[in-house]
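The values are calculated or read from the model by the stated rules, or taken from the named source; none is laboratory data. A quick note: this is a predicted structure, and the numbers were derived from the prediction, not measured. Because the Cβ atoms are built from the backbone with ideal geometry, glycine has one as well, and the counts that use them run over all protein chains shown.
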Amino acid sequence: MSDISVINGKKITTQDLYNCLQQVGIEKGDIICVHSHLMGFGKPLLKRHDFMKAIVDTLRAVIGETGTLIMPTFTYSFCNQEVYDRDKSPSAVGILTEYYRGCEKVNRTWHPIFSFAIGGMGREEYLDIGPDAFSLDSVYGKMIRDNGKIVMLGGNYGYTFYYLAEEHVNVGHRYFKNFSGRIRMGEKDFTTSVPYFVRNLEMDSELDEEKLWKFLMDSKCQNQVDFAKGTVAAVDCRKMYHDVCSVLRTDQKRFL
């Protein structure tokens, strides 16, 4: 156990984080995709590298050697007309994800918009994905199949998974658009295109995360406990997917 941060004079330890993860239902052998907002952890007591390592080590300890730890390392490269370099393009979604993609025995998916860093048992299966980041053949799609969980550290900042349900229902406020560009993967360098079910900006199409959060809590898709300045939460991917799809089939704008 080590002290990782402090808030209002109270020290937060790795044991505190471990306990919170267990309280929201994370167990040995789980497949978890971790979204993070580390401002919710309070003031770090460790140097950046050590702070990140302590969090990753705690996540790995909770799921054990048979678990799979996934983090988003989205770059939006093709959206920004940039080359996606699997080994070098930095994650645009937080310092913890950027740290994790560089860890030993962690591999990154090839997707030039929505990539993920994946470690642990079964990571090869999660690296074998199709070009549509929100299809049932995507990382998120495989998590539904395998009863995975979305974990949110520090606050409710991890609802990208929701867009898989919108795509499956084929909501009217989104449409498919192809994005093209170059991908570098080691010595491989090639041009390709990927589909993305984008928002129609001329319509009321922006997700209201407060509405979604309330629904997930009320329907018991999400477990949540207070932690430091924020929260730690876990979302049941399979239940969320089916429950949200059921709502969207009758009201496509329910969560906008």
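Brief remarks on what is shown
- Criterion applied to N223, N200, N178 was being out of contact with any helix residue (DSSP H, G or I) (no Cβ under 6 Å at 6 or more places or on another chain) and farther than 21 Å from Y76 by Cβ, and the one residue passing it is N223.
- Restricting attention to the range 57-94, the residues that are closer than 27 Å to P195 by Cα and either small (G, A, S) or assigned to a helix (DSSP H, G or I) (or both) add up to 5.
- Whenever a residue of the range 10-39 is part of a helix (DSSP H, G or I), its partners that are of a type in the set (F, W, Y), lying with C-beta atoms within less than 6 angstrom and at least six residues away or across chains, give the pairs C20/F227.
- Exactly one residue out of V169, V198 is within 25 Å of D236 (Cβ to Cβ), surrounded by 12 or more Cβ atoms within 10 Å (Cβ to Cβ) and at pLDDT 95 or above: that is V169.
- Scanning the range 95-128 for residues that are over 27 Å from S180 (Cβ atoms), assigned to a helix (DSSP H, G or I) and of a type in the set (K, R) gives a single hit, R123.
- For the range 1-19, filtering for residues that are more than 14 Å from D57 (Cα to Cα) and loosely packed, with under 13 Cβ neighbours inside 10 Å leaves 3.
- Scanning the range 129-176 for residues that are under 18 Å from F114 (Cα atoms), outside any helix (DSSP H, G or I), in contact (Cβ under 8 Å) with a residue 40 or more places away in the chain and of a type in the set (S, T, N, Q) yields a total of 0.
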